[in-house]
Every structure is written in C-alpha cells, then in structure tokens.
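The structure appears below as structure tokens.
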Amino acid sequence: MCNFSSWMAVIFWYLQGGLTIVIAVLALYIAYQQWRTNALKSKLDLFCRRCQVLDEVRKLLSLAYGKGDLTTDELREFMSQMLPAEFLFGPEIKEYIGDIYSHGLSLSTANEQRRGIFEGASGMNREEVVNKTQAEIKWLIKQLPITADKFRNYLDVSKL
C-alpha cells in the first residue's frame, strides 16, 4: 500500500502539468482578445477618418448654402482636407468630391464675374452670370441631403 506522501507527490505532479496547460490556454485567450481589440480599433480609426471627410464635405456645402458663395481659399482648404479620401473610399466618392469642387469653383467664378458686372466691368451678360450662379448654388444645395446616401456604404459600421 502507498503512503499518503507518495499520493501527494503524484497529485502535485499532475497539478503541475495541468497548471502549465491552463496557463497556456489563458495566454492564448489573452492574445486572441488583444488581436480582436486591435482589429476593432483599426475599424474605428477607419470610421473616424471617413467621418472627417464627410464632415468636410458637409461643411463646404453648408458654406455654399449659407452665403451663396465659396472663396478660392475655402475650396483650396477643402481639397487639402480631401487628400486622404482617395485612399479611404472607392473611385465614386473621389469623383463625387471632384464634382463638388468643380461646381464650387464654377460658383466662385460666377460670383467674381457678377461682382465685376456690378462694379462696371463690361463685356459680360448679367443674366447669364446670375443664372450660372443660381444653377451652381442649387446644385450644391441639392447635395446636402444626398451626401449621406453617397457615403452610407463606407460608414455602415456593420460592414466594417
């Protein structure tokens, strides 16, 4: 018959082996949780960067709506804020941003021509310039409700 101390030695030996396995499983679980956290953080960072682009687009459209004009400085600032968009979105968003910029530039040019007419510059048709200004303002204002739909696929958290 075995004595009590030999039983304790066997039990202790099995516990040592089992504890090693428990520690390995625990380390694996912690590593998995860290990987998952980093993956979610990357998705959150991407979402935030995309939201910044959307906010800048809305800000420019709101400026056009609010004052009916855009300065070249505002358009230049807008395009500098849009540089990351090429890498954060697909080609359709890049094209959409280009359209917004083009219409904003047309609005700015038409408003410069309109101011020139009022200051006495000749050779420009006042009615054409006013119609062009109104058309560009209307186009830019129509974009405010559409913008969310254009960006929706890229900002849907369930698809990240």
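Structure summary
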quantity	calculated
Column: log10 I(q)/I(0), Debye, Cα scatterers of the chain, q = 0.10, 0.11, 0.15, 0.20 Å⁻¹	-0.56, -0.62, -0.87, -1.19
Exceeding the 27 Å Cα-Cα cut-off - candidates LYS43/LYS142; LYS67/LYS142; LYS41/LYS142; LYS67/LYS150; LYS59/LYS150	LYS43/LYS142; LYS41/LYS142
Reachable aspartates and glutamates from LYS132, criterion Cα separation under 13 angstrom, eight or more residues apart if same chain	ASP69, GLU112
Helical contribution to [θ] at 222 nm, DSSP H n ≥ 4, -39,500 (n - 2.57), averaged over the chain, rounded to 500	-30500 deg cm²/dmol
Binned Cα-Cα distance frequencies in the range 1-72 - 5 Å width, integer %	3, 12, 9, 8, 8, 6, 8, 6, 6, 5, 5, 4, 4, 4, 3, 3, 2, 2, 1, 0
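Readers should treat all values here as calculations from the given coordinates under stated rules, not as data from a laboratory. As the structure is a prediction and not an experimental result, all values here were calculated from the model.
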